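Undergrad: I'd like to ask some things about the structure below.
The values are calculated or read from the model by the stated rules, or taken from the named source; none is laboratory data. Given the structure is predicted, the values throughout are model-derived calculations rather than measurements. Note that each Cβ is placed from the backbone with ideal geometry, even for glycine, and that neighbours are counted across all protein chains shown.
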Amino acid sequence: MDAGIQARHRNPATIPGPPSPHKRAARRRRPDGMIIARSTVVRCSMNTTDALLRLRRGFDDYAGRWSDEIAVSAAFCALLEEASPPAAADPFVRARLAGHFTASAWLVDRSGNRLLMTHHRKLDRWLQLGGHADGDRDLAAVALKEAEEESGLTDLVVEPTIFDLDRHWIPERGDVPGHWHYDVRYVVRATGSEAFAVGDESHDLAWREIAGLLDDASIDPSIARMARKWASRCASSMLACDGD
């Protein structure tokens, strides 16, 4: 393991089990739009039309902020069009093997200097936390849920603005053929304890210094891109970096 990685484990017996299919962490929105996780209760889904409109506006905003990624944003917009009838397959469910939406978390500590990464069990690579939407149109909430479930952390906050977009190929595995993931990434902040729990989807978890990712040729290119975006954001405003 890279010397810059500081990994910590909890006793597997203390790792919480999967949430009930009828429950997930309750969330409320702050005035600045951030979603905050709270205790586990039944959560109603947001209106589908509102969620799709928010995503479309998010993709357009992303293209405006990152002019060199306009084509990427356009590809995500094109997939989003298939979420409306009379589309034959829902792009928010993993059964659509032509490609589907996923969401992931750029999960930073309170200082904004470290990123929580997973040594992904299936892909055998160090990546950000994330997973499938499984029908949920609110991808910011999906990113928050995946961060909670894969890290065991509580008191996480997700920013509503899209941080990064990445379309990447997932190789064939078992009876599931290769397919495209359209991954929508959001900044998630740890505001409480940073003592994580390694779950079933990871070989390991580790806090990694983001500055060390900028020149690390071994990491995934999209991680390097997000590290550059984060460094640029921190350089322009320390408040935007540390979140206090």
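Undergrad: Based on what the data block shows, is Thr154 in contact (Cβ under 8 Å) with a residue 60 or more places away in the chain, surrounded by fewer than 21 Cβ atoms within 10 Å (Cβ to Cβ), under 19 Å from Phe76 (Cβ atoms) and of a type in the set (Ser, Thr, Tyr)?
TA: No.
Undergrad: Could you please let me know if Gly199 is surrounded by fewer than 21 Cβ atoms within 10 Å (Cβ to Cβ) and in a loop (DSSP other than H, G, I, E, B)?
TA: Judged against the criteria, Gly199 is a match.
Undergrad: Quick one: which residue in Ser202, Ser151 is under 16 Å from the mean Cα position of the chain (by Cα), hydroxyl-bearing (Ser, Thr, Tyr) and closer than 21 Å to Arg94 by Cβ? Write out each step before concluding.
TA: Values: Ser151 fails: closer than 21 Å to Arg94 by Cβ.
Every option except Ser202 fails the conditions.
Undergrad: Conditions: (1) touching a Pro at 6+ places or on another chain (Cβ under 6 Å); (2) at pLDDT below 95. Val198 meets all but one. Number of the miss?
TA: (1)
Undergrad: Would you confirm whether or not the range 50-69 contains a residue that is at pLDDT below 95, among the small types (Gly, Ala, Ser) and not in a helix (DSSP H, G or I)?
TA: no
Undergrad: Could you please tell me which pairs satisfy a Cβ distance under 8 Å, a separation of 6+ or placement on different chains, a first residue in the range 102-120 that is under 26 Å from Gly135 (Cα atoms), and a second residue that is of a type in the set (S, T, N, Q) and part of a strand (DSSP E or B)?
TA: Sorted first by the residue in the range 102-120, then by its partner, the pairs are Thr118/Ser202; His119/Ser202; His120/Ser202.
Undergrad: Here's a follow-up. Looking at the range 121-148 only, could you name the residues that are over 12 Å from the mean Cα position of the chain (by Cα) and under 13 Å from Asp183 (Cβ atoms)?
TA: Leu123
Undergrad: Please pick out the residue among His181, His203, His168, His132 that is touching a Lys or Arg at 6+ places or on another chain (Cβ under 6 Å) and under 26 Å from Leu52 (Cβ atoms). Break it down into steps so the answer makes sense when it comes.
TA: Details: His181 fails: touching a Lys or Arg at 6+ places or on another chain (Cβ under 6 Å); His203 fails: under 26 Å from Leu52 (Cβ atoms); His168 fails: touching a Lys or Arg at 6+ places or on another chain (Cβ under 6 Å).
On inspection, the qualifying residue turns out to be His132.
Undergrad: Quick check: is even one residue across the range 206-216 surrounded by 15 or more Cβ atoms within 10 Å (Cβ to Cβ) and under 30 Å from Asp90 (Cα atoms)?
TA: Within the range 206-216, none of the residues are surrounded by 15 or more Cβ atoms within 10 Å (Cβ to Cβ) and under 30 Å from Asp90 (Cα atoms).
Undergrad: Starting from residues that are of a type in the set (A, V, I, L, M, F, W, C) and surrounded by fewer than 19 Cβ atoms within 10 Å (Cβ to Cβ), keep the ones in the range 97-126 and report whichever is farthest from Gly199 (Cα to Cα).
TA: Ala98
Undergrad: Something else: Scanning the range 53-96 for residues that are small (Gly, Ala, Ser) and closer than 24 Å to Pro171 by Cβ, which turns out surrounded by the most Cβ atoms within 10 Å (Cβ to Cβ)? Talk me through it step by step, then tell me what you get.
TA: Step one: list which residues in the range 53-96 are small (Gly, Ala, Ser), which gives 58, 63-64, 67, 71, 73-75, 78, 83-84, 87-89, 95.
With closer than 24 Å to Pro171 by Cβ added as a condition, the list becomes 71, 75, 78, 89, 95.
Values: Ala71: 8, Ala75: 17, Ala78: 13, Ala89: 14, Ala95: 10.
Ranking the candidates gives Ala75 first.
Undergrad: Could you run through the range 88-126 and say how many residues are within 19 Å of Arg167 (Cβ to Cβ) and in contact with a helix residue (DSSP H, G or I) (Cβ under 7 Å, 6 or more places away or on another chain)?
TA: The number of residues fulfilling the criteria is 7.
Undergrad: Something else about it: Among (1) under 21 Å from Asp155 (Cα atoms); (2) surrounded by 11 or more Cβ atoms within 10 Å (Cβ to Cβ); (3) modelled with pLDDT under 65; (4) not aromatic (Phe, Trp, Tyr), there is one condition Val42 misses while meeting the rest; what is its number?
TA: (2)
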